[in-house]
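Data first, discussion second: the structure below is written as structure tokens.
The values are calculated or read from the model by the stated rules, or taken from the named source; none is laboratory data. On a predicted model such as this, the values are computed, not experimentally measured, just so you know. Methodologically, a virtual Cβ is constructed for each residue, glycine included, from the backbone with ideal geometry; neighbour enumeration extends over all protein chains shown. What goes into the accessible areas is simple: the full protein's heavy atoms, side chains included, and nothing from ligands, DNA or RNA. Shrake-Rupley method; radii C 1.70, N 1.55, O 1.52, S 1.80 Å.
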Amino acid sequence: MNSVATAQTQKVPLPLRPSPWTRLSKRLRSANYPAGVASLFWLAVIGIPLYALVASTFRKTSDYLDQGPLSVPSNPTFENYHKVVDMGFDTYFINTVIVTVCTVAIVVLLSVPIGYAVVRSTTRSTQRVFQFFLLGLAIPAQAVVIPVFLIITELHMYDSLAAVILPSAAFSMPVCVLILTGTMRDISEELYEAMALEGVSVAKMLWYLTIPLSRSGLSTVAIYTAIQAWNGFLFPLILTQSREQRVLTLGLYDFVGEFRVDAPGMLTAVLLSAVPLFVAYLFARRALVQGLMGVGGK
Amino acid sequence: MTKSTDQSRRTGPSVGRPGVAWALPGVLYFAFFAVLPMILVAYLSFTEWNGLGTPEFVGTDNWERLFSDSLMGQSLWLAFLLTVLTWVVQTPLALLIGVWSAGYQRNRALLSAIFFLPLLLSSVAISLLWRTLIDPNFGLPAQIGGWLGIDNIDLIGQSDTALYTLVFVATWQFVPLHSLLYQGGARQIPQSLYDAASIDGAGKLRQFFHITLPQLRNTITTSSILMVVGALTFFDTVLIMTQGGPGTDTTITPYLMYQTGFKSYEMGYGSTIAFVLVIMATAASLVLVKMTGFGAMRSTREGM
């Protein structure tokens, strides 16, 4: 690590006020052209299917069958959207919103006190709590669906939105506890000591100090859980049955039978199911990206 | 976490500190909906149960059946193949895209915003999109094959291309998440390391192999664990795109479990398969953690 030390002591002299022309040529010289070309290739891999998805929703089925997914829609139509909305999409949509909101609420309400206790408590048992959730990370939801089904039927909750919400929240918790403890550890001890001197209660410290200072972790947790809940498929598939309790992903899956040859109808349902997340991305791109990045840890 | 901070915490005043009771509601909730099922799956693997009524204890019947079940052997091999293939394809791609998009140039920011988009789609939506797009009669194979003069490309109708198609769809779906993890990791590498290296005359390639890669060690582990566990539980896409077919040629273990439990209503035997899955996922994560020394959580900033 000698080189680091030399780099810090010997400052490279900067040229005085480079002209815009030299700045541009410098940028062009330092540009990474092979990477640029490769990135365009990846753009095609990601972009072409997405283009086909969006373009197809504006096509009549007969046009789609004639012209294929890549051609530009010759006479755009909105009939696919009407068709999909008429098939009960609105019910599925509302159900998904309920599931997502409740799941996020449960996860945040339960994980915040856990993070707070793990970071602030000095007892050995609280440290065990942290290890407990670390181990919990390794439980794949797919592998325990049969016993979850057993528990839900024993609780007489089969075929209800609660049946989807309760296990979905549980399986989001380990990641969220991990993220929250990571953020809460960064809050300095002095702040707590100052508050303790004033005689502030433990609950008030959480409310006025810990929560405001761990906003970044909280938004990561909320975003991660919301995306997981919105896109969740396995629990709705095995724990609900009736049309009234259907969420979007399951509704999409059931469209397969009804849209056997109607590709534009199918793709419209696919696109509509993601619209809320697309809108969220449009308005809160930074929060979403940072949120998902935070899942990888610091 | 170092010893010294631990000790300073222990010697600190105990007033104004939350007790373990604060964590209790969450712990109990998680124990009931996630840990209890883990224990139940072990118990159910020794029972016979059709989903209604009560499970009936049958001893080791299911386990004996498991070891002589050729479908189980095949499904494990396929799951292994899928895991290895997705890892080998996704890791270099995600690493390169992530490191590339960590740069702050405007074109990179713009393209990264587009690369992110598949992350917003559910796996059901992605599987249905690709199922529609690769339809041999009306999808991309027909349109592009028509330009090239090739007919009838049925990608999921043949066993070898069916598996590669699943790997491709998984790549399309998951590379955005993993490149995001690498982007985050690459942005935390101190610029001073690169400055020093270029003063010493190291080129871009050497900087990548001697600074970027070693510095991303923890990210590589995190991403690999997510990928391996994700591939072992890869289920939605198989259900929607191939239904385990053609024949049983893409029936990976999680799909076999779903079919056994929820289609043939053999929930006892399904639990036996599920238990094997739990063991495999845990073992794979442990091996990865041990192999990479992640458990020690060595600092990547040593000597700075």
> Each label point is 7 Å from the Cα along the Cα-to-Cβ direction; what then is the distance between the points at A:VAL85 and A:ASP159, in nm?
Replying inline: 3.0 nm
> With each label point set 7 Å from Cα along the Cα-Cβ vector, what nm distance links B:GLU48 and B:ALA21?
Replying inline: 5.0 nm
>> Please list 3J(HN,Hα) in residue order for region A:200-211, calculated via the Karplus relation 6.51 cos²θ - 1.76 cosθ + 1.60 where θ = phi - 60°; whole Hz, with x for glycine and proline.
In response: 6, 6, 4, 5, 5, 4, 4, 6, 9, 10, 5, 5
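Heavy atoms only, 1.4 Å probe, whole protein assembly: order B:MET38, A:MET184 by accessible area, highest first.
Details: B:MET38 55, A:MET184 5 Å².
From most exposed to least exposed: B:MET38, A:MET184.
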>> Once you order the gyration tensor axes a ≥ b ≥ c over the Cα atoms, which shape class does chain A get: rounded for a/c under 1.5, otherwise prolate or oblate by comparing a/b with b/c?
In response: oblate
> Can you give me the relative contact order of chain A as a percent, contacts being Cα pairs under 8 Å and 6 or more apart?
Replying inline: 27 percent
> Taking amide H positions as placed 1.01 Å from N in the peptide plane, with prolines and chain starts having none, which residues 5 or more places from B:PHE57, or on another chain, fall under 5 Å of its amide H?
Replying inline: B:GLU48
>> Run lengths n ≥ 4 of DSSP H only: what is the helix-derived mean residue ellipticity at 222 nm for chain B, with -39500 (n - 2.57) per run over all residues, to the nearest 500?
In response: -19500 deg cm²/dmol
> For chain B, what is the relative contact order in percent, using Cα pairs closer than 8 Å and at least 6 residues apart in sequence?
Replying inline: 28 percent
> Counting chymotrypsin sites (Phe, Trp or Tyr not before Pro) as exposed when in a DSSP loop with at most 14 other beta carbons within 10 Å, what is the longest stretch of chain B free of them?
Replying inline: B:105-264
>> Leaving out ligands and nucleic acids, and using a 1.4 Å probe, what accessible area per residue does region A:81-295 come to in Å²?
In response: 41 Å²
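Given contacts defined as C-alpha pairs under 8 Å and at least six residues apart, what's the relative contact order of region A:37-106, whole-number percent?
Relative contact order here is 25 percent.
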> Treating the beta-carbon of each Lys and Arg as +1 and of each Asp and Glu as -1, no other charges, what is the dipole magnitude of chain A about its Cα centre, to the nearest 20 debye?
Replying inline: 1540 debye
> Reachable aspartates and glutamates from A:LYS60, Cα under 15 Å, same-chain residues fewer than 8 places away excluded?
Replying inline: A:GLU79, A:ASP262
> Which of these, B:LEU216, B:LEU111, B:LEU96, has the largest mean-square fluctuation under a Gaussian network model of chain B (Cα springs below 10 Å)?
Replying inline: B:LEU111
> Once phi is turned into θ = phi - 60°, what whole-Hz ³J(HN,Hα) does the Karplus curve with 6.51, -1.76 and 1.60 give for every residue of region A:73-84, x standing for Gly and Pro?
Replying inline: x, 7, 10, x, 9, 9, 4, 4, 5, 4, 4, 5
> Given a Förster distance of 51 angstrom, what is the FRET efficiency for B:VAL89 paired with A:ALA203, based on the Cβ-Cβ distance and rounded to 0.05?
Replying inline: 0.55
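Which shape class applies to chain B: rounded if a/c is under 1.5, otherwise prolate when a/b exceeds b/c and oblate if not, where a ≥ b ≥ c are the square roots of the Cα gyration tensor eigenvalues? Walk me through the numbers before you get to the answer.
Working: a/c = 2.28, a/b = 1.13, b/c = 2.01.
Cα axes put chain B in the oblate bin.
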> Under a plain spin-label model, where a point goes 7 Å from the Cα along Cα-to-Cβ, how far apart in nm are B:LYS263 and B:LYS290?
Replying inline: 3.6 nm
> Alpha carbon centre of region B:167-189 versus region A:181-232: separation in Å?
Replying inline: 28 Å
> Which helices of chain B meet both criteria: a Cα extent of 30 Å or more along the helical axis and a mean Kyte-Doolittle score no lower than 1.6, with helices taken as whole DSSP H segments?
Replying inline: B:267-292
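Count neighbours as other Cβ atoms within 10 Å of each site's Cβ, and list the GluC sites (Glu not before Pro) in region A:180-210 that are DSSP loop with at most 14 such neighbours.
Values: sites: A:GLU189, A:GLU190, A:GLU193, A:GLU198; in loops: A:GLU198.
Within region A:180-210, the qualifying GluC sites (Glu not before Pro) (loop, at most 14 other Cβ atoms within 10 Å) are A:GLU198.
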>> Taking R0 as 30 Å, what FRET efficiency do you get between A:GLU244 and B:ASP249 from their Cβ-Cβ distance, rounded to the nearest 0.05?
In response: 0.20
>> Could you compute how much accessible surface B:ARG206 exposes when probed at 1.4 Å, giving the result in Å² to the nearest 10?
In response: 150 Å²
> When the Cα centres of region A:36-87 and region B:30-85 are compared, how far apart do they sit, in Å?
Replying inline: 42 Å
